[in-house]
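**Student:** Following this message is one structure expressed as structure tokens.
The values are calculated or read from the model by the stated rules, or taken from the named source; none is laboratory data. From a predicted model like this one, the values you see are computed outputs, not experimental measurements. Here the Cβ positions follow ideal geometry from the backbone for every residue, glycine too, while neighbour counts run over all protein chains shown. Areas reflect the complete protein model, heavy atoms only, side chains present, ligands, DNA and RNA absent. Shrake-Rupley method; radii C 1.70, N 1.55, O 1.52, S 1.80 Å.
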Amino acid sequence: MRVLKWSARLLAVAAGALALGSWLIGSTVPQEHRAARTACFAAPRAVVWEAVTIVENQPDWRSGLTAVEDVPGSDVRAWREIGSWGEVTMEEVSATPEERFVGRIEPGRSDFGGTWTYELEDCPTGTRLTITEDGEIYNPLFRLLTRFVWGYHATQEQYLRDLGQHLGVEVMVERVE
């Protein structure tokens, strides 16, 4: 019985040390980051633009996104995305039809924030969509996991693959320097 108590204490101390060490290492990871990915779609700009900006339809094709709700009473166009990750309220920062759309995570969120900029341009097969995330991660543990486990680009890559599947075209996601 005594060995079991000491084993439990030792395990608790090790878990605490791991959590503290992870928190400290995460504190050294920069809070801000920039990540970008791009892909060409065999589709006209108008079709890609519609998929990107009519957010109400995105639960039909985006992985993990189960619902999009309009957020009334805001000074700008705002919506709430509900998915496997929880809820995120977004707002439109700017939109230039068929060229550029910028959405921002509602300011004041406690764990992360930032913008996604969608830029559309012509490419040999149709339309190139480049997504640039200018993000901030406030929680050091989440910064550590994002930097070294999930990666900054995972959500963009999934979005582009999902969009390709929605449009019925195969896409090759490319890194943007």
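**Student:** Regarding the range 28-45, can at least one residue be identified that is among the small types (Gly, Ala, Ser) and either open to solvent by 100 Å² or more (accessible area, probe 1.4 Å) or at pLDDT below 70 (or both)?
**Tutor:** The initial filter retains those residues of the range 28-45 that are among the small types (Gly, Ala, Ser), namely 35-36, 39, 42-43.
Within this subset, residues satisfying the condition of being either open to solvent by 100 Å² or more (accessible area, probe 1.4 Å) or at pLDDT below 70 (or both) are none.
Looking for residues that are among the small types (Gly, Ala, Ser) and either open to solvent by 100 Å² or more (accessible area, probe 1.4 Å) or at pLDDT below 70 (or both), one finds none in the range 28-45, hence no.
**Student:** Provide a single number: the residues in the range 132-167 that are crowded, with 17+ Cβ neighbours inside 10 Å and among the hydroxyl-bearing types (Ser, Thr, Tyr).
**Tutor:** 4
**Student:** Sticking with this structure for a sec: Being farther than 18 Å from Arg62 by Cβ and either modelled with pLDDT of 85 or more or out of contact with any strand residue (DSSP E or B) (no Cβ under 8 Å at 6 or more places or on another chain) (or both) is the requirement here; does Ile131 meet it? Even if it seems obvious, please write down each step before you answer.
**Tutor:** Numbers: farther than 18 Å from Arg62 by Cβ: no; either modelled with pLDDT of 85 or more or out of contact with any strand residue (DSSP E or B) (no Cβ under 8 Å at 6 or more places or on another chain) (or both): yes.
Answer is no for this residue.
**Student:** A follow-up question, please. When both residues are 6+ apart or on different chains and their Cβ atoms are under 7 Å apart, which pairs have a first residue that lies in the range 36-55 and is within 16 Å of Glu98 (Cβ to Cβ) and touching a residue at least 12 places away in the same chain (Cβ under 8 Å), and a second that is open to solvent by 10 Å² or more (accessible area, probe 1.4 Å) and acidic (Asp, Glu)?
**Tutor:** Filtered contacts from the range 36-55: Arg45/Glu98; Ala46/Glu98; Trp49/Glu98.
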